[in-house]
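Novice: Take a look at this one; I'll ask things after.
The values are calculated or read from the model by the stated rules, or taken from the named source; none is laboratory data. No experiment lies behind these values; they were computed from the predicted model shown. Cβ atoms come from the backbone with ideal geometry, glycine included; neighbour counts cover every protein chain shown.
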Amino acid sequence: MMMNYSNRLVPTYAAAREPLLRLFDTFLGNEGGGEDLQSRTWTPSVDIEETENAYVLKAELPGMTKDDIQITLENNVLRLSGERKMEKNVDQGNYHRVERVYGTFSRSFALPHQVDSEHVQAASENGVLTITVPKAEQARPRKISIS
């Protein structure tokens, strides 16, 4: 979930948790060991840009198809969720290292202004999902002429 502080989107604790857990796993030597790799959760990296007319979210989702991803927008909260599955069942004994994370994810972002939910667009290219959420007409800046 993102919080709005002084017109800036700020990630909550949950968004910062995954890299910290990976750091502890690396330090303790638990990288992928002893854990069912298909049931882990992960957090894809996301950039959010605000333009004059829209919010543009870019998420890194390599190896995922559009059928693996769900996007919802309700009450100005954009939710991105899905599951990245292992290509096949593998015997970990053949691997020297397993760092790629598989499993479910869910990210939610509270957008600070009203949006036009009827014209949201999503496209994926080279493992990057781009979601464009237009601002509602009343939320867009407009120039006022002096008479």
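Novice: Checking the condition at pLDDT below 90 and surrounded by 14 or more Cβ atoms within 10 Å (Cβ to Cβ), which residue from Arg79, Arg100, Arg84 passes?
Specialist: On the way: Arg79 fails: at pLDDT below 90; Arg100 fails: surrounded by 14 or more Cβ atoms within 10 Å (Cβ to Cβ).
None of the other options fit; the residue is Arg84.
Novice: Could I ask something else about it? So, of the residues in the range 43-79 that are touching a Lys or Arg at 6+ places or on another chain (Cβ under 9 Å) and acidic (Asp, Glu), which turns out to be farthest from Phe105 (Cα to Cα)?
Specialist: Glu52
Novice: Return a yes/no flag: does the range 67-84 have any residue that is part of a loop (DSSP other than H, G, I, E, B) and closer than 19 Å to Thr41 by Cβ.
Specialist: No, the range 67-84 has no match at all.
Novice: Which numbered condition in (1) more than 18 Å from Pro44 (Cα to Cα); (2) within 14 Å of the chain's Cα centre (by Cα); (3) of a type outside the set (Phe, Trp, Tyr) is the only one that Arg107 fails?
Specialist: Arg107 satisfies all of (1) more than 18 Å from Pro44 (Cα to Cα); (2) within 14 Å of the chain's Cα centre (by Cα); (3) of a type outside the set (Phe, Trp, Tyr) except (1).
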